[in-house]
Amino acid sequence: MTQQRRPASLALAAGLLLFGSLGIAAAWVLVAMALDSQSSWMALVAAADAALIVRLARLRPGFARALCGVLATLLAILAANWGIVAAWLGRHMGLLPWDSMLKLGPDFAWLLMRLSNTATDLAWMAAALVAAAIASR
C-alpha cells in the first residue's frame, strides 16, 4: 500500500512562507550588522529557503509554487533591508533595532534603502528572485 502525498492547504503554506521569510530576514540583518555591510548575497540564501519551504509545504509544482517562492524571497529582501536600515540608524541614535524599526517611516526607509544598496547589491537581489522562480517551480 502506497501513501499518497496530500498538498498542504494554502493557509498553512502561506504561514510557513511568512515565518520563513521573516526568519531568514532576521538572520540576514544579523549577518549584515556583524560584517558591517549590506550582505546582499544573503538574498540567495533567502531564495533557497523559500524554495525549500514551498517543497516541504507540498504545494503543487507549477507557476503558483514558483510565484509563492518569488514572493517569499521578495518579502525577505524587503524585510531584511528595512531591518538593516533600522539597525544602522538606531545604532547612531542610541535606539535598539526593534525600537528603530517601529519609528522608521516608509518614505525615509525607502530613501535609505535606495542610498545604501549599490548596483552589485541590486544584482544579487535580482539573481535571487530568478533563482527562487527556478528552484521553486
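Read-outs: derived from the displayed coordinates by stated rules, not from any lab. Every value quoted in this text rests on a predicted model; they were computed, and no experiment measured them. Ideal geometry is used to build each Cβ from the backbone, glycine not excepted, and the neighbour counts take in all protein chains shown.
For the reader, a short list of remarks on this structure follows.
- The residues neighbouring Pro97, those whose beta-carbon lies less than 12 Å from its own, together hold a net charge of +1 under the Lys/Arg +1, Asp/Glu -1 convention.
- Kyte-Doolittle at least 0.0, axis length at least 24 Å by Cα - qualifying DSSP helices, the chain: 10-35, 63-93, 119-136
- Projected area, mean over directions - the stretch 23-123, Cα convex hull, nm²: 6.9 nm²
- Highest-first packing order for the peptide set 69-78, 47-56, 94-103 is 69-78, 47-56, 94-103, based on the mean count of other beta carbon atoms within 10 Å.
- Available extension along the chain between His92 and Ser116 is 7.1 nm, counting 0.36 nm per residue and deducting the alpha carbon span.
- Within the stretch 84-102: backbone nitrogen closer than 20 Å to the Leu22 label point (7 Å, Cα to C-beta): 84-88, 96-102
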